[in-house]
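A short worksheet on the structure shown next.
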Amino acid sequence: MLKKIWLISFILTLSTAFFQRVTGPTYPIRGKASQGKIEYKLPRSCTTEANDCLPKIFCGEDISAYLKYKRYKTSEEFSRIEFEKKQEGKRSFYFATIPQQPPAGKVEYMVYVNYGNGYLPLTDRPVITRFKGNVPAYILIPHIILMFLFML
């Protein structure tokens, strides 16, 4: 009986960890648009010390796109950033850099792509990105291990 309880606990722990991994609020929004010709990756979590807040659009054709952003829950006006094209190996993509914010700062943004008939948004509502500070591995690894042990 004790072995069954441990097995159920182990399976439940792995299931909840998997569920958090695929549905967590910090993972980027990925999708396709324009009948699958355009793929995108829109970050929802960025590090304050790194320049990693790069919404990306992958497309085989030349397109034009821009991003409108503002700090979350403010009455500021939206600012506009044009996407730039970058070649990486055989694949090219378009990117825009969202300006860095302090830790716990949030930015909401929308990406607009010109499909040939005017600019249309990629998503139906703004993407909210959270900025976080860099956590050293010697703190993060024990934290993760303890979380799993307490779940188990």
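For the chain, averaging the sequence separation of C-alpha pairs within contact (under 8 Å, six or more residues apart) and dividing by the residue count gives a relative contact order of 22 percent. The antiparallel fraction among DSSP beta bridges confined to the chain stands at about 90%. Counting only residues at least eight positions apart within a chain, or on another chain, the lysines with an alpha carbon under 22 Å from that of K106 are K41, K56, K68, K70, K73, K132.
Among the cysteines of the chain, those with no neighbouring cysteine Cβ under 4.7 Å are C59.
Protein heavy-atom surface of the chain, 1.4 angstrom probe: 59% of the accessible area is carbon and sulfur, with nucleic acids and ligands not counted. Across the range 101-148, the mean sequence separation of Cα contacts (distance under 8 Å, 6 or more residues apart), normalised by length, yields a relative contact order of 39 percent.
Take the convex hull of the alpha carbons in the chain; its mean projected area over all directions comes to 12.8 nm².
Simple spin-label estimate for Y138 and K68 gives 4.8 nm between the two label positions (7 Å along the Cα-to-Cβ direction from each Cα). Placing F78, F93, F18 in order of accessible area, with the largest value first and a 1.4 Å probe, yields F18, F78, F93. Backbone geometry of the range 93-98 corresponds, through the Karplus equation with coefficients 6.51, -1.76 and 1.60 at θ = phi - 60°, to 3J(HN,Hα) couplings of 8, 10, 9, 9, 9, 7 Hz, x marking Gly and Pro. Think of a 1.4 Å ball rolled over the protein heavy atoms: the chain then has 69 Å² of accessible area per residue. Each other residue within a Cβ distance under 12 Å of P102 adds +1 if Lys or Arg and -1 if Asp or Glu, for a net charge of +3. Among the trypsin sites (Lys or Arg not before Pro) found in the range 1-92, those both in a DSSP coil and sparsely packed, with 14 or fewer other Cβ atoms within 10 Å of their Cβ, are K37, K73, K90.
The values are calculated or read from the model by the stated rules, or taken from the named source; none is laboratory data. Computed from a predicted model, the values in this text were never measured in an experiment. We place every Cβ from the backbone using ideal geometry, glycine too, and count neighbours over all the protein chains shown. SASA here: full protein model, heavy atoms, side chains in, ligands and nucleic acids out. Shrake-Rupley method; radii C 1.70, N 1.55, O 1.52, S 1.80 Å.
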